[in-house]
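Here's the structure we're looking at; comments come further down.
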Amino acid sequence: MLSFLISLLDIIKLVIASATFLFFLAFSGLTFAGSAVALVVSTPLFIIFSPILVPATISTTLLASGLAAGTSLGLSAIGLIMRLIKYY
């Protein structure tokens with residue numbers, strides 16, 4: 001009687017996991033691309049304005065954090081899709 005619910009729940013899980021994968025992958029790409037562009041743009045400024053070390057250190061830390069966040073989200077998305085492939 002309730003056997004159709006099991007397959008329906010599996011489909012719902014698959015849809016939610018796929019949407020989460022796409023969100024993580026897109027957000028990862030945007031974060032990584034934005035951080036890379038910011039790093040390319042800010043590198044000449046670091047060379048020209050080298051006496052200003054404190055803001056440079058702060059912005060470099062923020063850029064590195066952005067790259068780390070992008071990488072983490074990308075690995076999460078890849079892990080999610082690998083789990084989907086393994087179980088479905």
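In the set T57, T61, T31, only one residue is within 21 Å of the chain's Cα centre (by Cα) and farther than 30 Å from M82 by Cα; that residue is T61.
On the given criteria, is A36 within 14 Å of the chain's Cα centre (by Cα), among the aliphatic types (A, V, I, L, M), outside any loop (DSSP other than H, G, I, E, B) and surrounded by 13 or more Cβ atoms within 10 Å (Cβ to Cβ)? In short, yes.
So that you can scan it fast, the table gives a plain yes or no per residue for (1) part of a helix (DSSP H, G or I); (2) touching a Pro at 6+ places or on another chain (Cβ under 6 Å); (3) surrounded by 12 or more Cβ atoms within 10 Å (Cβ to Cβ); (4) modelled with pLDDT of 85 or more:
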position	(1), (2), (3), (4)
V15	yes, no, no, yes
G29	yes, no, yes, yes
L45	yes, no, yes, no
P51	no, no, no, no
A69	yes, no, yes, yes
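If the condition is being loosely packed, with under 14 Cβ neighbours inside 10 Å and either touching a strand residue (DSSP E or B) at 6+ places or on another chain (Cβ under 7 Å) or closer than 30 Å to I16 by Cα (or both), then region 53-67 contributes only S65. Counting the residues of region 59-88 that are polar (S, T, N, Q) and closer than 30 Å to D10 by Cβ gives 2.
Being surrounded by 13 or more Cβ atoms within 10 Å (Cβ to Cβ) and touching a residue at least 60 places away in the same chain (Cβ under 8 Å) is the filter here, so list the residues in region 71-88 that pass it. Residues satisfying the conditions are L80, I81, L84.
The values are calculated or read from the model by the stated rules, or taken from the named source; none is laboratory data. Given the structure is predicted, the values throughout are model-derived calculations rather than measurements. Note that each Cβ is placed from the backbone with ideal geometry, even for glycine, and that neighbours are counted across all protein chains shown.
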